[in-house]
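A quick write-up on the structure given underneath.
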Amino acid sequence: MIYRNTLIGAVMASFLFFGCSSNTKKDQILTEPSTERTAEDDKKDSLLLVYNPAKGDKWIADFVYNLHKKYGFNGNMLVAKDGKILYEKAIGWADYLHRDSLKINSEFELASVTKTFTGTAIMQLIEKGKLSLNDDVKKFYPNFPYDGINVKLLLTHRSGMMNYVYFTDGIWKDKKKPMSNLDVMNLIAEYKPNRYAKPDTRFHYNNSNFMVLAAIIEKVTGKTYANYMMENVFKPAGMKNTHVYSTTVYPKIPVDVVGHDRTWRYSVVQNFLDGPVGDKGIYSTIHDLVLYDNSLKNGRLLKKQSLDSAYKGHNKAINGHFNYGYGWRIFDGDNGRKVVYHTGWWHGFRHIYIRDVQKNIVIIFLGNLTNGSLLHLDELYKYLKTPIIRKGAYSGSGSLPGSDED
């Protein structure tokens, strides 16, 4: 009898143990981001990209045609709502010189839209306990010449650093040889260029902040920025047409889309400044940016707590609405309306990537002709009932091409 009772007790204990283990595992699945993908994930993602041109939104189609004809937009665009593509279009030239047309899956240099990915990677490392917002740059690069600059100040553009894009132009002698992030870090250590401001005194947007963050990612993980992003962001998100391309690795960037100046007079050629990454350097498509949005929303890349922190403005709001979080520009509207976005402008590319978090709307314009066409999207915003993402629209003074954003 004692043996029988002991056996029953053991069985019950095992049942409770495995039941609790199962519940614990289930809880982890619900709260922990997973980088593992399944066939079911691919199937769900493919449904997000289904689009029938015959059923495309006619108003948006007319708007984009007018944006192209009247204001010179040349590029790929997409609008999606509640997981359904309302309209998408590839319009114009991928390479004007060779008369190559854009395709829906053309890869664009994302320019500063790259910063949202770098911010995501940093937040992943913080979740894993490998980084802290309060970590000083000198912890990773002891020869860094400035005191008091930590990860948070870099993420929020409050470091006061100079912009390496201008600083290095006069001292990098061999312009045919591309710089790496480490090269730039060494130049900063050697020349100690003057800062714009003391740390944490004001918002000053510049590329140095996210170039340094990418260098920190490489130091902490022991991987190149490209490899880390591929393994921990692009692949988990199902982004099969997204890559980091640096001229330190690729003498000629292996994409067909070329950046152009505003009058088609010439193509913008990559140079030594296309070596550093993190502030730029990611190439992607409009479809992959839809998958990126989805992976952020469903917790595949980051926990909700991390996203909430990233989407919180950490500077003084401009015109009462516009702010900057951890790698995201932010529009804070009435009644908790939250829109996160980023613009991009680099070597002939001009973009805007908008995610209306509350209304589940994604707006993407990737352009390879630098003109002011993307400052004429107000009517589209009104049609979609989203906030107008143009700072000048809230000051009453309007804005000139290039004056709103980076």
For this session: Would you check which residues across the range 33-48 are at pLDDT 90 or above and surrounded by 13 or more Cβ atoms within 10 Å (Cβ to Cβ) and list them?
Result: Asp41, Lys44, Asp45, Leu48
Problem set entry | Criterion violated by Ile91 - all others in (1) touching a residue at least 24 places away in the same chain (Cβ under 8 Å); (2) touching a helix residue (DSSP H, G or I) at 6+ places or on another chain (Cβ under 7 Å); (3) loosely packed, with under 15 Cβ neighbours inside 10 Å satisfied | (3)
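Conditions tested, residue by residue: (1) touching a His at 6+ places or on another chain (Cβ under 7 Å); (2) buried (at least 19 other Cβ atoms within 10 Å of the Cβ).
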site: Lys103; (1), (2): no, no
site: Ala111; (1), (2): yes, yes
site: Thr114; (1), (2): no, yes
site: Ala121; (1), (2): no, yes
site: Gln124; (1), (2): no, yes
site: Lys130; (1), (2): no, no
site: Phe140; (1), (2): no, no
site: Asp147; (1), (2): no, no
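Within the range 267-288, count every residue that is in a loop (DSSP other than H, G, I, E, B) and either touching a Cys at 6+ places or on another chain (Cβ under 9 Å) or buried (at least 19 other Cβ atoms within 10 Å of the Cβ) (or both).
Number of matching residues: 9.
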Seminar exercise, completed: In the range 79-136, residues that are in a helix (DSSP H, G or I), closer than 16 Å to Leu366 by Cβ and of a type outside the set (Phe, Trp, Tyr) total 6
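Does Arg158 meet the test of being surrounded by fewer than 19 Cβ atoms within 10 Å (Cβ to Cβ) and either of a type outside the set (Ser, Thr, Tyr) or part of a loop (DSSP other than H, G, I, E, B) (or both)? Let's see the steps before the verdict.
Values: surrounded by fewer than 19 Cβ atoms within 10 Å (Cβ to Cβ): no; either of a type outside the set (Ser, Thr, Tyr) or part of a loop (DSSP other than H, G, I, E, B) (or both): yes.
For Arg158, the condition - surrounded by fewer than 19 Cβ atoms within 10 Å (Cβ to Cβ) and either of a type outside the set (Ser, Thr, Tyr) or part of a loop (DSSP other than H, G, I, E, B) (or both) - is not met.
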Exercise. For His157, which of the numbered conditions (1) more than 23 Å from Ala310 (Cβ to Cβ); (2) in contact (Cβ under 8 Å) with a residue 60 or more places away in the chain fails to hold?
Worked result: (1)
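The values are calculated or read from the model by the stated rules, or taken from the named source; none is laboratory data. Not measured: the values here are computed from a predicted model. Ideal geometry is used to build each Cβ from the backbone, glycine not excepted, and the neighbour counts take in all protein chains shown.
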